[in-house]
Amino acid sequence: NAGVTQTPKFRILKIGQSMTLQCAQDMNHNYMYWYRQDPGMGLKLIYYSVGAGITDKGEVPNGYNVSRSTTEDFPLRLELAAPSQTSVYFCASSDRDRMIGEQYFGPGTRLTVT
Amino acid sequence: DQQVKQNSPSLSVQEGRISILNCDYTNSMFDYFLWYKKYPAEGPTFLISISSIKDKNEDGRFTVFLNKSAKHLSLHIVPSQPGDSAVYFCAAKSGGSNYKLTFGKGTLLTVNP
């Protein structure tokens, strides 16, 4: 099992550009999440999905969009990139039948917007 | 409103000694508490959890204690090893859903040889 994979690992964007961060999991998890982590801060939830075709906003959704057409994939779209979106982005997934709710994280994408 | 707080940004201990990482919470509806470990340039990895109906959970060198009346939990690492040097995140899950964790800001643990 590869677990949760993310591409790219690093990206530099110019202000106003757009891009898609890719995320895939091979654990057949229903739940998937996107977080951002800023220096000295915890993980802030951007969007989450409880199954294919179902997505919902987290704490900090502005400037982002998501889609979930399959169980495996959960891409995050940045439209009109701004310097405030410079961050490390983590995708995660979890099994809906696990009461503990532990999430499995990908390695992250480090994004710089200049 | 920070529902999960880790008030110590960093902690430094000697190899072989005990590391104690602390976490406070405000929401009485949390039913599980989790600790994650994060190395630089990697994603967080799940370490250990505790149910709100327990006061202690042990896994090898790692023990988590929960004090519900004080809304406080702690992670003990004994003995500490240099490979334990990482950022540790406390997280909590609300009862009634099996998703959506609330994370603290993390504590950087440095274990000196």
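The values are calculated or read from the model by the stated rules, or taken from the named source; none is laboratory data. All values reported here derive from a predicted model rather than from experimental measurement. All Cβ positions, glycine included, derive from the backbone under ideal geometry; neighbour counts span all protein chains shown. Protein only, heavy atoms only, side chains kept; ligands, DNA and RNA dropped before computing areas. Shrake-Rupley method; radii C 1.70, N 1.55, O 1.52, S 1.80 Å.
Of the DSSP beta bridges with both residues in chain B, give the percent that are antiparallel, rounding to the nearest 5.
Details: 38 of 43 bridges.
In chain B, DSSP labels about 90 percent of beta bridges as antiparallel.
Taking every residue in B:49-58, how many Cβ atoms of other protein chains lie within 10 Å of its Cβ, on average? Write down the numbers at each step before the final one.
Numbers: counts 4, 1, 2, 0, 0, 0, 0, 0, 0, 0.
Counting Cβ atoms of other protein chains within 10 Å of each residue's Cβ and averaging gives 1.
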**OP:** Taking every Cα atom in segment A:8-88, find the radius of gyration and the maximum pairwise distance Dmax, and write them in Å.
**Re:** 12.7, 36
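Please give the average number of partner chain Cβ atoms lying within 10 Å of the Cβ of each residue in B:30-37, rounded to a whole number. The partial results should precede the final answer.
Working: counts 0, 3, 5, 1, 4, 0, 4, 0.
Counting other chains' Cβ atoms within 10 Å and averaging over B:30-37 gives 2.
Subtract the Cα-Cα distance of A:D97 and A:S69 from 0.36 nm times their separation in residues, and report this length gain in nm to one decimal. Walk me through the numbers before you get to the answer.
Numbers: separation 28, 0.36 × 28 = 10.08 nm, distance 2.11 nm.
Stretched out fully, the A:D97 to A:S69 stretch lengthens by 8.0 nm.
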Subject >> Inter-label distance for B:L11 and A:A2, nm, one decimal - labels placed 7 Å from Cα along Cα-to-Cβ >> reply: 3.6 nm
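Rounded to the nearest 100 Å², what is the sum over both chains of accessible area buried where B meets A, with a probe of 1.4 Å?
Numbers: alone 6310 and 6310 Å², together 10820 Å².
Heavy-atom accessible area buried at this interface is about 1800 Å².
When a/c reaches 1.5 or more, the comparison of a/b and b/c decides; with that in mind, is segment B:32-113 rounded, prolate or oblate per its Cα gyration tensor?
On the way: a/c = 2.19, a/b = 1.40, b/c = 1.56.
Oblate, since a/c reaches 1.5 and b/c is not below a/b.
Using the Cα centre of chain B as the reference point, and only Cβ charges (+1 on K/R, -1 on D/E), how large is the resulting charge dipole? Debye, rounded to the nearest 20.
Working: 12 positive and 9 negative charges, 35 e Å.
It works out to roughly 160 debye.
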Original post:
Which residue, chosen from A:G16, B:P79, B:V13, occupies the Cα position most advanced towards the positive end of the dipole of the protein assembly as shown, where the dipole is computed from +1 (Lys, Arg) and -1 (Asp, Glu) charges on Cβ about the Cα centre?
Top reply: A:G16
Subject >> Solvent-accessible area per residue for the protein assembly as shown (1.4 angstrom probe, square angstrom) >> reply: 48 Å²
Original post:
Using the beta-carbon distance between B:R61 and B:Y39 and R0 = 25 Å, what value does 1/(1 + (r/R0)^6) give for FRET efficiency, to the nearest 0.05?
Top reply: 0.90
Subject >> Label zone at B:F46, where the point sits 7 Å out along the Cα-to-Cβ direction: segment A:54-82 residues whose backbone N lies under 18 Å >> reply: A:72
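Give me the Kirkwood hydrodynamic radius of segment B:1-80 in Å, from all C-alpha pairs, to one decimal place?
On the way: mean 1/r = 0.0743 Å⁻¹.
Final number for the Kirkwood radius of segment B:1-80 is 13.5 Å.
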**OP:** Run the dipole for the protein assembly as shown about the Cα centre, Lys and Arg Cβ at +1, Asp and Glu Cβ at -1, nothing else charged, and hand back the magnitude in debye, nearest 20.
**Re:** 380 debye
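Taking each residue in A:90-101, count the Cβ atoms of any other chain within 10 Å of its Cβ, then average. What number comes out?
On the way: counts 4, 1, 4, 1, 6, 2, 3, 1, 4, 7, 11, 13.
Mean shielding count: 5.
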